[in-house]
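Only one structure is covered here, and it is reproduced in the block below.
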Amino acid sequence: MAIEGTVSKYKLKSWLSWSWTYVCFIWFGMVLIMIYVLWSPLKLQETLIFEWWYFRKYGTSFIEQVSVSHLRPLLGGVESSSATGLFTSINGETELRPSVSECKVWRNPLNLFRGAEYNRYTWVTGKEPLTYYDMNLSAQDHQTFFTGDTPQLRPEDAVMQKAWRERNPQARIRAAYQALEMNQDCAAAYVLLAEEEATTITEAERLFRKALSIGKSGLYSAQRHRNRNINLLVYIKRRLAMCARKLGRVKEAVKMMRDLMKEFPLLGMLNIHENLLEALLELQAYADVQAVLAKYDDISLPKSATICYTSALLKARAVSDKFSPEAASRRGLSSAEMNAVEAIHRAVEFNPHVPKYLLEMKSLILPPEHILKRGDSEAVAYAFFHLQHWKRAEGALNLLHCTWEGTFRLIPYPLEKGHLFYPYPGCTETADRELLPSFHEVSVYPKKELPFFILFTAGLCSFTAMLAMLTHQFPELMGVFAKAFFSTLFAPLGFFADKMESFMPSSFWHQLTRI
C-alpha cells in the first residue's frame, strides 16, 4: 500500500508539472486568437513581414508610421501636420486647404484697460494678470500701428516708440508726458495715458476723446502720415466704443461700432464685428446678431470662438427652454434640436476648451491682451464676456452640458484629425502657457482614451515579445529564472497537495489515478 501511495503521489505531481505545458499552449492560442480578431481593425496585415514592401509603396517605414500615429499621442507628443491638407467643409465637400499658421497670435478684440482694470486686479490680489510675453506683443502692435514704416519720425513719435517698449509702467507714463512736453498735440501719448494711467473707465474715456479731437485735426495735415493717423483714429474710436459699452451706454456703443465698420471696411482684421456681436447680445437684439453672423460666418473667412459659439447660442436659444434629455431620448431630436446640437458640436470642435468655462467647471481669469485661436486663451477671453449671455438664455447651458462631450465621438481618431475644420494645432498648449499667467492651469485639448481591450492586447503582445527576446539572448539565465518562478508559483499548490495527502487515505489517490 505504501508503494501504491508513493506511485500515486508521483503521478499526481507529474500531472501538475505537465499541466503547465497545456497552460502555455492555451496562452499561445489566446495570442493567436487575438491576432486573428484584431487583424482587420489594427491592419495587422501590414506587419514587419511586409516592412520592405510598405516602405517601397508608401515611402515611410511601417514601424515609424505606427510610432508617430499611436505611440506619440500616448506619450504626450503631437502629430506633425503638413503644409497643405484636406479638410471637410460645412457642406460636406472635401477641399484642399492652404497652409495654416498653427501658432498665429491675434489681438484680443475685447482686451481690457490696463490702468482701469488689469492694474486694479493686481492691487487687490497681488497677482500679475498679464505675462511679459503678452505685453511685449502689445508693444510691437502699438509701434507698428501708430508709427508704421515712416522713414523719418518726429521727435515725439520717437519718444513714444521707445515708450511702448518700456517694461516698467511708470517709465511708459513718464515717456508719454515727455512726448506731450515736446508736442501738446501728440495723440499717441494721450492713448498711452488713457490705457495705463487712467484708473477709471470715465477718466480713460476723457483722455481718448482728447486724443480723438487731435487725431481728426491731424488726419489730413500730412499725406505721408495718413496711414498712421488713420490707424490711430480707428484705434481711438474703437476704445471709445468699448468705454461706452462698459459704462452702460450700449446703444451708443453699437452705433459707434457700426459707423466704424462702415467707414473703414478694409480693417476687418481688427475683428470689430466681435465687439459688435457682444454689444448686440447685451441688448438682446438677436435678429441683428443673426444678421452679423450671416455676413462673417462664411467658409472663406477665419473662424473664431465668438462666431462659432454665438451661432450655437442662437440655435440653442430657440429650443433650450423646452429641452429635456429624458424626453429627447424617448422621442428623438426634432429638426430644430438637431440643428442646435450640430451647432454646439461645430463650436466645440473649433475650440474644445470653452464649455468648461461656460459650465463653470473651471474658474475664469482676466483675459489676456492676445489670444490664440482654438486655444485656452481664446476660451478664457470668450467666456469672460459671453457667460452672462448664455445664462440669460433659459436652458442653453443645460443643452450645452448634455451635448458638448458628444463632439469627441464624431471626430475621427486621433483627435488631431479634423471633422468640420482643419486639424487641431498641436502647439496651442505651449503658446497658451506663454500668454496666460502662471497661476492659471492651462486647459489641454482632451484626448480620447483607448479602450481597455486595446491596452490589454498591447500589453500582452509586448510582454510576450519581451520574454521571447530575453529567452533568445539569455537562454540559461531565463531557464533558471523560469524554474525559480514556477517553483514559487506552484509552491502553494504543492503545499495544498501535501496537506490533502496527509488527510486522505492512500487508496483514494490510487483510485483517483486509475480514473
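The values are calculated or read from the model by the stated rules, or taken from the named source; none is laboratory data. None of these values were measured; they are calculated from a predicted model. Using ideal geometry, Cβ is built from the backbone for each residue, glycine included, and neighbour counts are taken over all protein chains shown. With ligands, DNA and RNA removed, areas are computed over all heavy atoms of the protein, side chains included. Shrake-Rupley method; radii C 1.70, N 1.55, O 1.52, S 1.80 Å.
Listed peptides 164-172, 129-137 appear in the order 129-137, 164-172 once ranked by packing, highest mean of other Cβ atoms within 10 Å at the front. Which entries in Lys262/Lys295; Lys104/Lys237; Lys216/Lys262 show an alpha-carbon gap greater than 19 Å? Long pairs (Cα-Cα over 19 Å): Lys104/Lys237.
Please grab the % of Cα pairs in the range 112-270 that end up more than 18 Å from each other.
Details: 7554 of 12561 pairs.
So the portion of pairs separated by more than 18 Å is 60 percent.
Taking all protein chains together and rolling a 1.4 Å probe, Trp106 ends up with roughly 60 Å² accessible.
Highest mean first, what order results for 359-365, 438-444 on Cβ atoms within 10 Å?
Averaged packing, sorted descending, gives the order 438-444, 359-365.
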